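Q: Okay, here's the structure, questions in a sec.
Every read-out reported here was derived from the displayed coordinates using simple, explicitly stated rules and does not represent laboratory data. Given the structure is predicted, the values throughout are model-derived calculations rather than measurements. Here the Cβ positions follow ideal geometry from the backbone for every residue, glycine too, while neighbour counts run over all protein chains shown.
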Amino acid sequence: MGCGTSVGTETQGQKVKTGVTGQQKTDDESVVKTTNPALSDVGVTAMKAAVLIQQWYRRYMARLEMRRRYTWNIFQSIEYAGEQDQLQLSSFFTFMLDNFTQLNGNGPDLISQLLDPVVDPWLDRESSYSQILVPDSYTGPRLSFPLSVSDTNALLCAFKEQQTLHAKYLLQLLYETKKLLKQMPNIIQLSTSYIKDITICGDLHGRLDDLLLIFYKNGLPSADTPYVFNGDFVDRGKKSVEVIILLFAFLLLYPDHVHLNRGNHEDHIMNLRYGFTKEVMQKYKTHGHEILPLFQDIFSLLPVATVIDGKILIVHGGISDETDLDFLSSIERHKLKSALRFPRCSFEQLDISQSYRKTKRLKSGNSSHSSSNSSRNQSKNQKRSNQRNTQRGLRRQESNSSASSSSSSSSSSSSSLCSPRTPSCLSPHPCHPSPSLPNTVNIQHMPFLDSLLSARQPSPSQRREREWKQIVDILWSDPKTQEGCSPNTFRGGGCYFGPDITQKLLLQHGLQLLIRSHECKQEGYELCHGGQVITLFSASNYYEEGSNRGAYIKLGRELVPRFYQYQVSRTTRKLTLTQRVRAAESSAFRALKEKLFSHRSELMSGFQQFDQNNTGVVSVSDWAEVLESVLRLDLPWRTLRPHLCRLAADGSVEYNSCFEDMGTGVSLPQVTPNLAETLFRFRTDIEIIFNIIDKDHSGLISNEEFRQTWRLFSAHLGVDIDDRAIDDLARSIDFNKDGSIDFTEFLEAFRVVHKLDSKDPHLSGK
């Protein structure tokens, strides 16, 4: 709109100038010549002032844009680091599930229901919900099946009023949705019409306000307003249950006009970390154990792709060089409950030895300086092999050969880590046989959590592995500007696909456009690969209030996408652009400082390597090098330095100042500093393991259950902590001495407190 107005104004101005006669020009010149010289000087001064103001404004907006971009990079890097944590924890759970019986002889009771959920056949019968009584005091919507427009309207009104749908109706809704999805193919084929457009929405992530705003602006789903929702309906947001209920309800009401693609968060293992599981159990305390397995089953039945007019492919994540839509159509998708559930590898194929305790810590890079730094890191890690619990920041591992081959093709990071793409993206590393290992054939080192696991090459069904890889690539991949296909090392799963991979797939299947989601974009959408790939994201304010817009696309018969942007906000409309940037920046630096604090001992060890004389200062370049080698967030550390630490008089960095404005939640003198830091860093992982053990979701576990939690957790990290230290910790957080631990209080004790938020001008904006 602004550009069009500007062009129109310039055109009118040109027409006025060309209509001036020669006599008029002469008169104008005479007027200029007879003008008072003093007035002429004033005009020149005014012009210079205007130019100075313009230059200042441009510099100011450039700095503001720079702040906006590095804030965005901080949010995205921390988000992807969290996804890597989840992938690595999932790989550990998979190993435990496959081998727990053979290791302990007791069976995998703690995690079997998490990774291999079995839906009780009773839940597939009407008796599962018909026997549930709805009390007269219930004032929410009462659904009748098959659903009608009045039912969906009742749901909309109830959710706007913060009401919760009764478990009886939710179970029946899930039961009907499951029956419908069982009849659907893996890839939905749609056709456009001359009289109606198809609306495509990206990630919603439990943002009910965004969904309601889309319905308000674009219309409710109907035969005249068809929708395609492209995955990631749940997690992160606080209204995931309401969002998924509305989508399922409209799917049942208009099965030919509402279509749902599966996203990488329609996965029960992801739900455990990112909030959906907890939300369900909080809102449905009595029947949550019946509702969750049905959600898990339904997620595995969601179609994985949609094709419009045989020309436009819609998938959640992306593609790879191995993506085959014909093969994808033949997959038994319901068997793939989780893309994070790695193919089974039996215990007989695994040989766990002392070598898996030693982890390579190589900093990626192709310069000679990086190579020398890698040598220093290797030496450092050998000295600190007994402190592996503080080394996890360097868990992105790679061999020398894989680093050189992937660094040129990866757009964000060349590190190789525990990716769910095998064998090409898991990047198993060939290694020399260890003297401690038996003489085996075809031994490989696989990046497995924080340790190297020596394993013989597994031999699962080729078809099963290919099916799994196809699903992982569809749900997890991201586009990149470079040619080719490489492991998605920054996110931890799927791959990066270049424009040549896009072109190949489109030509192979006669397509012209790929629409995908999976990545938050500041404007709600982004075009790449010469306009052949569109990324669409529909959750506004994803990272912070005012951080991004949401968007949706409308497609008509001509198949030309039209973009509609919006932003749900109760406060940002009252804020200036500077205030919005400052608010997002403040939130980003809070998260980044917590990251620094949780890796304090490892960072301090790195700083002290460059500070042999214990002066407390290092050069800016050394400071930035240590932060990147430990945190691996791929951030512009030199630019961020003024917000993170102080400079000494000689321009060097006082590295202790990185941690001085943060402290612990509750002081527990019985807890050693190393153990406390480990607990700070892995609070989320501990909470996930705790939720597995706390089967009744009471929030309380016994001291013995806490010890089981720690055993799983220490096995996950490869940490050797004395049982006495764990007993002391359990007793210290059993505040009322009743023999049970309130896990909420435990998590509160191990969190980072920002002491100086109100005193930091960068964060407070004062």
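Q: If packing is taken as the average count of other Cβ atoms within 10 Å, what order do 278-290, 484-496, 641-653 fall into, highest mean first? Mind dumping the intermediate values first?
A: Details: 278-290: 16.9, 484-496: 26.7, 641-653: 14.5.
Packing order, densest peptide first, comes out as 484-496, 278-290, 641-653.
Q: Largest first and in whole Å, what are the equivalent-ellipsoid semi-axes of the range 480-619 based on the Cα gyration tensor, each being the root of 5 times an eigenvalue?
A: In descending order, the three semi-axes are 39, 26, 10 Å.
Q: With θ set to phi - 60° and the Karplus curve 6.51 cos²θ - 1.76 cosθ + 1.60, what are the ³J(HN,Hα) couplings of the range 541-553 in order, to the nearest whole Hz, using x for Gly and Pro?
A: 6, 5, 8, 7, 4, x, 6, 7, 8, x, 8, 9, 10
Q: Here's a follow-up. For Gln522 and Arg562, FRET efficiency with R0 = 25 Å and r from the beta-carbon atoms, rounded to 0.05?
A: Numbers: r = 19 Å, r/R0 = 0.77.
Result of the calculation: an efficiency of 0.80.
Q: Now, a different point. Calculate one ³J(HN,Hα) per residue across the range 580-587 by plugging θ = phi - 60° into the Karplus curve 6.51 cos²θ - 1.76 cosθ + 1.60, and present them in order as whole Hz with x for glycine and proline.
A: So the J values, rounded to whole Hz, are 5, 5, 5, 5, 5, 4, 4, 5.
Q: Given the Cα-Cα distance of Val42 and Lys182 and 0.36 nm per residue of separation, how much length would full extension add, in nm? Kindly include the intermediate steps, with their values, before the conclusion.
A: Working: separation 140, 0.36 × 140 = 50.40 nm, distance 7.90 nm.
Here the segment from Val42 to Lys182 would lengthen by 42.5 nm.
Q: Each residue of the range 294-308 in turn: what ³J(HN,Hα) in whole Hz from Karplus with 6.51, -1.76, 1.60 and θ = phi - 60°, glycine and Pro shown as x?
A: 5, 4, 4, 5, 5, 4, 6, 9, 5, x, 9, 7, 9, 10, 9
Q: In addition: Between Arg63 and Val134, with labels modelled 7 Å along Cα→Cβ, what's the label distance in nm to one decimal, could you check?
A: 6.0
Q: Which cross-chain or sequence-distant (5 or more) residues have an amide H under 5 Å from the amide H of Asp742, H modelled 1.01 Å from N in plane?
A: Phe735
Q: Then there's this: Quick query: amide H of Gly231 versus all other amide H atoms, modeled in the peptide plane; which residues come in under 5 Å with a sequence gap of 5 or more or a different chain?
A: Excluding prolines and chain starts, which carry no amide H, the hits are Asn261.
Q: Related question: Once the Cβ-Cβ distance between Lys335 and Gln508 is put in as r, and R0 is 30 Å, what FRET efficiency do you end up with, to the nearest 0.05? Don't skip to the answer; put the middle values down first.
A: Numbers: r = 26 Å, r/R0 = 0.87.
Calculated value: 0.70.
Q: What ranking do Trp72, Trp476 get, fewest neighbouring Cβ atoms within 10 angstrom at the top? Spell out each step's value before the answer.
A: On the way: Trp72 19, Trp476 28.
Fewest-to-most ranking of Trp72, Trp476: Trp72, Trp476.
Q: Please report Cys520, Cys528 as a ranked list, fewest other C-beta atoms within 10 angstrom at the top and most at the bottom. Intermediate results must be reported in sequence, preceding the final value.
A: Working: Cys520 23, Cys528 16.
In order of increasing Cβ crowding within 10 Å: Cys528, Cys520.
Q: Spin-label point model (7 Å from Cα, Cβ direction): what's the Asp256 to Tyr194 distance in nm?
A: For Asp256 paired with Tyr194, the spin-label model returns 1.9 nm.
Q: Could you line up Thr502, Thr578 from fewest to most neighbouring Cβ atoms inside 10 Å? Mind showing how you got there, number by number?
A: Numbers: Thr502 21, Thr578 13.
Lowest to highest Cβ neighbour count: Thr578, Thr502.
Q: Given Lys179/Lys337; Lys238/Lys593; Lys480/Lys554; Lys238/Lys574; Lys182/Lys337; Lys238/Lys278, which pairs have Cα atoms separated by over 21 Å? Intermediate values should be presented prior to the final figure.
A: Numbers: Lys179/Lys337 17 Å; Lys238/Lys593 25 Å; Lys480/Lys554 25 Å; Lys238/Lys574 24 Å; Lys182/Lys337 14 Å; Lys238/Lys278 10 Å.
The pairs that break the limit, which is 21 Å between Cα atoms, are Lys238/Lys593; Lys480/Lys554; Lys238/Lys574.
Q: Still on this structure, please answer the following. What residues qualify as long-range amide H neighbours of Gly310, i.e. H under 5 Å apart, gap of 5 or more or another chain, H built at 1.01 Å from N?
A: Leu190
Q: Roughly speaking, what is the stretch gain from Ser714 to Ser732, that is 0.36 nm per residue apart minus the C-alpha to C-alpha distance, in nm to one decimal?
A: Details: separation 18, 0.36 × 18 = 6.48 nm, distance 1.92 nm.
Using 0.36 nm per residue and subtracting the Cα-Cα distance, I get 4.6 nm.
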